[in-house]
Amino acid sequence: MKVAVLAETAPGETRVAAIPETVKKLTGLGASVAVETGAGRFAGISDQDYADAGASVAGRSDVLSGAELVLAVSGPEAGDLAGAAPNALLVGILDPFRRRDAVNAYASAGIEALAMEWMPRITRAQSMDVLSSQSNLAGYKAVIDAASAYGRAFPMMMTAAGTVSPARAFIMGVGVAGLQAIATARRLGAQVSATDVRSATKEQIQSLGAKPIFVEGVAGIEGEGQGGYAGETSEEYRKAQSELVSTHLAKQDIVITTALIPGKPAPRLISDEQVSTMRPGSVIVDLAAEAGGNVEGCVAGEQVVRHGVTIIGATNLSRSLPADASALYSRNLFNFLSAFWDKEQGRPVFPDEDEIVRGVRLTRGGSVVSERLA
Ligand code: NAD
């Protein structure tokens, strides 16, 4: 099977869908891998590195010519895949809801498109979960960006010239990104607290050495929530949460918000009035900026100052760590492909009834087949 690895063309995309390690592993499965010239340029991987790993390196038309499997990060347009084999597989982050026309175009072009961000949150799929691998890096980078925008130090320092007090960091939303944000802020020496609506996160917060800030006496979401995800909470809970957060926020220097509810706009966690109670010079990083933002006044992709507080509307933070983001993403892709690899046919075979396949497959045989897009 010929596998094509594209050089990404989406604005701001720095990642690549294969690294030399996964090229070798794919070759080990019997595939031949063709990498587009310059594909690894932002991730610090040269064309020679790919060649040394056993790939052929060429321009796009040669790479795509006859390819039966195309590996991408940001979903390419169907028109950009001309030359690939009929019924070629496309694996990438395809953004199906926002790129519905592109999904229809994949179907019309006979491409079988697999959206990696729709990987089910089940134990078997953990090693294939691109949202987790990228969120983990985003949680780390959010704290680094906050530290860099903050005009003070994070750790307590006792010096001959006096004491520097530690920064107080508050993490709102303790999923994959939030847990890494807690760990990173702790490593930098901040005093960390965190909150979530899912009661199961309380113990996780404590195990990382941070202080849980939870609404008591009003039910949030017991345990992990459906499929591990949060849902919307009651009006009563939201009011209690807002009151609790108001008192706490006024004492914080750094706030990282990561709260998301699948299929819904991000919940509003911080009002403009609450921002105004924070100390000037404080920094908020809103990782939910693209989903509408957890923070009032946040602008996706921009850094704004409100009441002396810097609000960073973070988007796609993993792209600012291209080498690690590409390495983790590529391994997610390889783990997915190898789990379905049929040695005799020398290609992955995706059974219709498999839970993972049902989750990620968007198009097949000229039609859109995803249940979520029905
Ligand atoms: P996410 O990105 O969907 O949301 C981030 C966090 O925001 C979640 O913890 C959520 O509970 C929280 N949140 C939502 N509304 C909130 C509100 N109003 N106030 C405060 N917090 C709010 O979450 P995620 O990072 O994708 O992780 C969700 C869960 O899925 C976690 O339990 C994680 O461990 C689990 N997970 C499982 C697998 C697997 O088994 N394969 C893989 C990844 C994640």
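For Met278, the conditions (1) crowded, with 16+ Cβ neighbours inside 10 Å; (2) within 28 Å of the chain's Cα centre (by Cα) are fulfilled apart from (2). Annotation note: Cβ proximity below 7 Å between a residue of the stretch 309-325 that is surrounded by fewer than 22 Cβ atoms within 10 Å (Cβ to Cβ) and a residue that is in a strand (DSSP E or B) and among the polar types (S, T, N, Q) (sequence gap 6+ or interchain) occurs for Thr310/Gln303.
For the stretch 8-55, residues that are part of a loop (DSSP other than H, G, I, E, B) and among the β-branched types (Val, Ile, Thr) total 6. Can Glu216 be described as more than 14 Å from the ligand (Cβ to nearest atom) and among the charged types (D, E, K, R)? The answer is yes for Glu216.
Here the stretch 340-374 is the region considered, the condition is being in a strand (DSSP E or B) and either touching a residue at least 24 places away in the same chain (Cβ under 8 Å) or among the small types (Gly, Ala, Ser) (or both), and the residue that is surrounded by the fewest Cβ atoms within 10 Å (Cβ to Cβ) is Ser367. For the stretch 106-129, taking the residues that are assigned to a helix (DSSP H, G or I) and more than 10 Å from the ligand (Cβ to nearest atom), the one that is surrounded by the most Cβ atoms within 10 Å (Cβ to Cβ) is identified as Tyr106. Selection of first residues in the stretch 44-67 that are under 15 Å from Lys2 (Cα atoms) and of second residues that are loosely packed, with under 15 Cβ neighbours inside 10 Å and aliphatic (A, V, I, L, M), restricted to Cβ pairs under 6 Å at least 6 apart or on distinct chains, gives the following pairs, ordered by first then second residue: Val57/Ala51.
Screening the stretch 168-192 for residues that are part of a loop (DSSP other than H, G, I, E, B) and more than 17 Å from Ala266 (Cβ to Cβ) and picking the one that is farthest from the ligand (Cβ to nearest atom) gives Gly189. Scanning the stretch 44-68 for residues that are small (Gly, Ala, Ser) and surrounded by fewer than 20 Cβ atoms within 10 Å (Cβ to Cβ) turns up Gly44, Ser46, Ala51, Gly54, Ser56, Ala58, Gly59, Ser61, Ser65, Gly66. Given the criteria within 28 Å of the chain's Cα centre (by Cα) and crowded, with 21+ Cβ neighbours inside 10 Å, does Gly92 qualify? It is true that Gly92 is within 28 Å of the chain's Cα centre (by Cα) and crowded, with 21+ Cβ neighbours inside 10 Å. Contact annotation: no residue pair with Cβ atoms under 7 Å, 6 or more positions apart or on different chains, pairs a residue in the stretch 228-251 that is over 22 Å from Gln204 (Cα atoms) with a partner that is within 11 Å of the ligand (Cβ to nearest atom) and assigned to a helix (DSSP H, G or I). Can you find a residue in the stretch 144-167 that is within 12 Å of the ligand (Cβ to nearest atom) and either closer than 23 Å to Leu260 by Cβ or assigned by TED's automatic domain parsing to the domain that holds Glu302 (or both)? Within the stretch 144-167 (the criterion being within 12 Å of the ligand (Cβ to nearest atom) and either closer than 23 Å to Leu260 by Cβ or assigned by TED's automatic domain parsing to the domain that holds Glu302 (or both)), the answer is no, since none of the residues qualifies.
How many residues, within the stretch 252-289, are free of Cβ contacts under 8 Å to residues at least 24 places away in the same chain and either within 14 Å of the ligand (Cβ to nearest atom) or among the hydroxyl-bearing types (Ser, Thr, Tyr) (or both)?
1
Filtering the stretch 185-201 to residues that are at pLDDT 95 or above and surrounded by fewer than 23 Cβ atoms within 10 Å (Cβ to Cβ) leaves Arg186, Arg187, Leu188, Gly189, Gln191, Ser193. Would you call Ala190 farther than 21 Å from Gly313 by Cα and assigned by TED's automatic domain parsing to the domain that holds Ile311? Judged against the criteria, Ala190 is a match.
The values are calculated or read from the model by the stated rules, or taken from the named source; none is laboratory data. Every value quoted in this text rests on a predicted model; they were computed, and no experiment measured them. Positions of Cβ are generated from backbone atoms using ideal geometry, with glycine treated the same way; all protein chains shown enter the neighbour counts.
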